[in-house]
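I have placed the structure first, in the form of structure tokens, so that the comments after it can refer back to it.
The values are calculated or read from the model by the stated rules, or taken from the named source; none is laboratory data. Model, not experiment: these values are computed from the prediction. Positions of Cβ are backbone-derived with ideal geometry, glycine not excepted, and every protein chain shown enters the neighbour counts. With ligands, DNA and RNA removed, areas are computed over all heavy atoms of the protein, side chains included. Shrake-Rupley method; radii C 1.70, N 1.55, O 1.52, S 1.80 Å.
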Amino acid sequence: MKYSRTIVSLSPSATLQLSAKAKELKKSGRDIVSLTAGEPDFPTPDPIAEAGIRAIKEGKTGYTASTGITELKEAVAERYSIRRNISYTPENVVVSCGAKHNLANLIRSAVNPGDMVLLPRPYWVSYPEMVKASGGIPVIPEKGINAEEILIAADNGAVGLLINYPSNPSGYVPSEVEMKDIADAVADTEMWVISDDIYEDLVYVEGGVPHILDYRQELSERTAVVSGVSKTYAMTGWRIGYALANYEWSKLSGILQAHSTSNPCSISQWAALAAVEGKADKEKSEMYSSFRKRRDLICSLLSDVDNIEFDRPEGAFYVFPRLDAENDTARFCSELLEEEGLAVIPGSAFGAEGYIRLSFAASDDDIREGVTRFKGFLRRRYNT
Ligand code: PMP
Ligand code: GLU
């Protein structure tokens, strides 16, 4: 049988593949520490879980409008109208099966075959594949992006830009000056922007994350904001994300969704409504405090490891050290897993060969044991 050349050309998701592999090895009885997963290790807070249970008991189990229940779209529109100081209405909102699904819908709705889309490096693993799946061409400058790279890409015909701060995999948060430069440069082009804000509530620096729309409000006409409940409310398995975009872009995403998945799970939508309405804000801040402490813990442990360099992550739950002497991190990670039972993600998955990603969405014990194994592995490897 002949398959789609486009789909055959896509790489598997290294993040999903490696977290699944670590879980499988653990299940088979091997002593594995997994710092792979980009998902909170906490259960979904009770008030949210209870809203889900109530939805089942009240029979809210049929199809909903395919872009989501009005109550949730209203709550999302209200929250982001306040957050971004832009007046969003429910018609700007599409609720999808996870933020990943929103991203795929938006990209698919904006990209024509051969269109170039600018992606800053390191990028989240799925962006280039989503662009390629839509027939587009990812354009990935060697270093991160700045105003110059944006203007060059636009001159060369790039139609869109995808940004993600705090960044997965590096936890990077740009400065105000940097973000203003990005916003000004985009405003001088006709490029659309997707701002993947899934880690917006997991920020460890004062003042939060500078946002492109805070500098150039008029860009809201061609900037889609993507977020969701997966990370902030420990709801990765419920599969609810949302996007806010102009009416046309939202409408197109909605049409695509109606012909592919229909509505995201009705029960999960009612649970997500409790989250967006703030019913679990106490639990949310407790989880946030844990992530903050774990960030401090992993950074202090890693500062005692030779042969690596890293920047302290300012958001999300990843640290992204550069290994001094490695240029095949896929192999490095597979040897690390084989010899030490420590699972992490190679930087090659994020377009950053020579780096590895360690997730600190893990218990303190796993973080301690993981770094001990990592340190021991490097010592033996380099005889230090
Ligand atoms: N964007 C980034 C940068 C992510 O790390 C993730 C994590 N899965 C997503 C989007 C997708 O989130 P969701 O689980 O809601 O689909
Ligand atoms: N986003 C998470 C990660 O990067 C979950 C895995 C995925 O969706 O790819 O690990």
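Tabulated data for the structure shown
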{"item": "Cα convex hull of segment 1-59, projected area averaged across orientations, nm²", "result": "8.4 nm²"}
{"item": "Portion, in percent, of the accessible area of the chain that falls on carbon or sulfur, probe 1.4 Å", "result": "49 percent"}
{"item": "Length-normalised contact order of segment 91-142 in % [C-alpha pairs under 8 Å, at least 6 apart]", "result": "37 percent"}
{"item": "Selected from LYS60, LYS132, LYS27 as most flexible by GNM, with the chain as the system and alpha-carbon contacts under 10 Å", "result": "LYS27"}
{"item": "Length released on extending from ASP281 to ASN246, taking residue separation times 0.36 nm less the Cα-Cα span", "result": "9.7 nm"}
{"item": "Where ASP304, ASP201, ASP155 fall by accessible area, highest first, once all protein chains stay in place (1.4 Å)", "result": "ASP155, ASP304, ASP201"}
{"item": "Segment 164-214 - charge dipole about Cα centre, Lys and Arg +1 at Cβ, Asp and Glu -1, debye rounded to 20", "result": "140 debye"}
{"item": "Estimated distance in nm for a label pair at ASP365 and LYS26, the labels positioned 7 Å out from Cα along Cα-to-Cβ", "result": "1.2 nm"}
{"item": "Filter on LYS26/LYS282; LYS143/LYS293; LYS251/LYS279; LYS23/LYS231 - keep pairs with C-alpha separation over 25 Å", "result": "LYS26/LYS282; LYS143/LYS293; LYS251/LYS279"}
{"item": "P(r) tail fraction, segment 81-120 - alpha-carbon pairs more than 12 Å apart, %", "result": "71 percent"}
{"item": "Residues whose placed amide H lies under 5 Å from that of ARG357, excluding near-sequence neighbours", "result": "ILE345, GLY347"}
{"item": "Heavy-atom surface of segment 270-375, accessible at 1.4 Å and reported per residue (Å²)", "result": "40 Å²"}
{"item": "Charge dipole (segment 27-128, unit charges on Cβ, about Cα centre) - positive-most of VAL94, ASN105, SER66", "result": "ASN105"}
{"item": "Gain on full stretching of the segment that runs from SER303 to GLU206 - 0.36 nm per residue minus C-alpha separation", "result": "32.6 nm"}
{"item": "Segment 1-144, accessible area per residue, ligands and nucleic acids excluded (1.4 Å, Å²)", "result": "53 Å²"}
{"item": "Mean ellipticity per residue at 222 nm, deg cm²/dmol - from DSSP H runs of n ≥ 4 across the chain, formula -39500 (n - 2.57)", "result": "-13500 deg cm²/dmol"}
{"item": "Candidate aspartates and glutamates for bridging to LYS73, where Cα separation is under 12 Å - those fewer than 8 sequence places away on the same chain excluded", "result": "GLU91, GLU277"}
{"item": "Residues GLU142 and ILE82, FRET efficiency given R0 of 56 Å [Cβ-Cβ distance, rounded to 0.05]", "result": "0.90"}
{"item": "Most fluctuating residue given options ARG368, ARG357, ARG295, as computed from a GNM of the chain linking Cα atoms under 10 Å", "result": "ARG368"}
{"item": "Residues whose placed amide H lies under 5 Å from that of LEU161, excluding near-sequence neighbours", "result": "LEU118, TRP192, VAL193, ILE194"}
{"item": "FRET efficiency estimate (nearest 0.05) - Cβ-Cβ, ILE255 to LYS2, R0 25 angstrom", "result": "0.30"}
{"item": "For the chain: relative contact order, % (alpha-carbon pairs under 8 angstrom, 6 or more apart)", "result": "24 percent"}
{"item": "Nearest-20 debye value, segment 243-333 charge dipole, Cβ charges on Lys, Arg, Asp, Glu", "result": "460 debye"}
